[in-house]
1. So Ala108 passes all but one of these: (1) modelled with pLDDT of 95 or more; (2) surrounded by 13 or more Cβ atoms within 10 Å (Cβ to Cβ); (3) within 29 Å of Val246 (Cα to Cα); (4) not assigned by TED's automatic domain parsing to the domain that holds Ile156. Which condition number does it fail?
2. Just to be sure before I move on: is Glu165 surrounded by 18 or more Cβ atoms within 10 Å (Cβ to Cβ) and either of a type outside the set (Phe, Trp, Tyr) or part of a loop (DSSP other than H, G, I, E, B) (or both) in the structure I sent?
3. Would you pick out the residues in the range 62-84 that are surrounded by 22 or more Cβ atoms within 10 Å (Cβ to Cβ) and modelled with pLDDT under 95?
4. Consider the range 47-61. How many of its residues are farther than 13 Å from Asp215 by Cα and either among the small types (Gly, Ala, Ser) or crowded, with 16+ Cβ neighbours inside 10 Å (or both)?
5. Among the residues of the range 206-236, which ones are among the aliphatic types (A, V, I, L, M) and not in a helix (DSSP H, G or I)?
6. Return yes when Phe210 is under 25 Å from Gln71 (Cα atoms), in contact with a Phe, Trp or Tyr (Cβ under 9 Å, 6 or more places away or on another chain) and touching a residue at least 12 places away in the same chain (Cβ under 8 Å) and no when it is not.
7. So which of Lys178, Lys239 is assigned by TED's automatic domain parsing to the domain that holds Ile54 and either closer than 21 Å to Gly125 by Cα or assigned to a loop (DSSP other than H, G, I, E, B) (or both)?
Amino acid sequence: MFFILSKLLIYLIKPFFVLSMLLIISFFIGNKIWVKRIRIFVLVGFIFFTNNFIINEIVRSWEVDPIEINQLENNYETGIVLGGIVDPERQPHDRLYFKSGADRVLHAIYLYKAGKIRKILFTGGKAKLFHEPERESSRIKDFFMLCGVNEEDIIIENKSRNTRENAVFTAEIIDKNKKHVLVTSAYHMRRSIGCFEKVGLDVQPFSCDFISSRDQDRFSFHMFLPSVEALMSWDILIKEWMGILVYKISGYI
């Protein structure tokens with residue numbers, strides 16, 4: 001039930017959905033004063049939520065900062081890669097299709113090749129509500145091997161459906177007495193660290209897949225223009241904030 005409710009809630013808290021519903025409601029209100037207030041609020045809301053500069057600065061302060069590979073020691077047992085980055089339903093089924101977040105896999109391979117981690121564990125299974133797709137981890141192992149990772153150094157966990165279960169099922173597989181690197185998107189790292197530490201795993205965060213601009217480009221003119229990308233970034237961030245709130249209430253972090 002928690003899994004289903006969390007998935008449904010995601011759609012109800014998106015700024016575009018909320019503002020659109022308010023605009024539609026305004027057409028059914030008889031009070032002209034309230035109609036004007038709601039429409040002004042919707043207009044201001046769209047200006048705010050489509051501004052790239054505003055969301056970029058907020059996301060930038062939220063994301064866990066990156067570290068250079070050579071800053072890590074060479075004594076980490078496992079690189080834990082969180083899933084949710086593969087489209088297992090896209091055809092033809094003779095290859096792997098990455099969605100956003102492919103950096104998680106690629107950066108884990110970087111760490112492995114650099115000798116920072118001895119093994120790679122990919123954790124992720126079914127994340128759909130109403131049907132059972134092929135689990136995304138089914139072809140990840142082949143991809144790792146194609147990139148030169150030894151088969152005996154690849155661990156696949158394919159039962160988990162969310163970050164909490166990523167941590168729980170991973171803790172059942174690997175040695176809690178050893179040090180591990182946690183590889184996930186920078187905006188998702190805070191919740192991930194909380195979940196993994198809650199189950200007793202000592203993890204070193206290794207952020208990737210940044211959605212914020214971290215150079216001088218963030219002050220350029222186009223950053224102040226309305227954009228759909230800004231709305232998408234808000235969706236990601238609000239979903240993450242809501243996830244942390246729900247996880248704290250549930251005692252998962």
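1. Of (1) modelled with pLDDT of 95 or more; (2) surrounded by 13 or more Cβ atoms within 10 Å (Cβ to Cβ); (3) within 29 Å of Val246 (Cα to Cα); (4) not assigned by TED's automatic domain parsing to the domain that holds Ile156, only one is false for Ala108: (4).
2. Values: surrounded by 18 or more Cβ atoms within 10 Å (Cβ to Cβ): yes; either of a type outside the set (Phe, Trp, Tyr) or part of a loop (DSSP other than H, G, I, E, B) (or both): yes.
Answer is yes for this residue.
3. Gly83
4. Of the residues in the range 47-61, the ones farther than 13 Å from Asp215 by Cα are 47-52, 54-55, 58-59, 61.
Checking the rest, the ones that are also either among the small types (Gly, Ala, Ser) or crowded, with 16+ Cβ neighbours inside 10 Å (or both) come to 49-52, 54-55, 59, 61.
Qualifying residue count for the region: 8.
5. Here is the first cut: in the range 206-236, the residues among the aliphatic types (A, V, I, L, M) are 211, 223, 225, 228, 230-232, 236.
Scanning the range 206-236 gives Ile211, Leu225.
6. Working: under 25 Å from Gln71 (Cα atoms): yes; in contact with a Phe, Trp or Tyr (Cβ under 9 Å, 6 or more places away or on another chain): yes; touching a residue at least 12 places away in the same chain (Cβ under 8 Å): yes.
Judged against the criteria, Phe210 is a match.
7. On the way: Lys178 fails: assigned by TED's automatic domain parsing to the domain that holds Ile54.
Testing whether each residue is assigned by TED's automatic domain parsing to the domain that holds Ile54 and either closer than 21 Å to Gly125 by Cα or assigned to a loop (DSSP other than H, G, I, E, B) (or both) leaves just Lys239.
For every residue, the table says whether it meets (1) basic (Lys, Arg); (2) farther than 30 Å from Lys179 by Cα; (3) under 17 Å from the mean Cα position of the chain (by Cα).
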residue: Phe27; (1), (2), (3): no, yes, no
residue: Asn31; (1), (2), (3): no, yes, no
residue: Lys36; (1), (2), (3): yes, yes, no
residue: Asn74; (1), (2), (3): no, no, no
residue: Ile85; (1), (2), (3): no, no, yes
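The values are calculated or read from the model by the stated rules, or taken from the named source; none is laboratory data. All values derive from a computational prediction rather than experimental measurement. Reconstructed Cβ throughout: ideal geometry from the backbone, glycine too, with neighbour counts over all protein chains shown.
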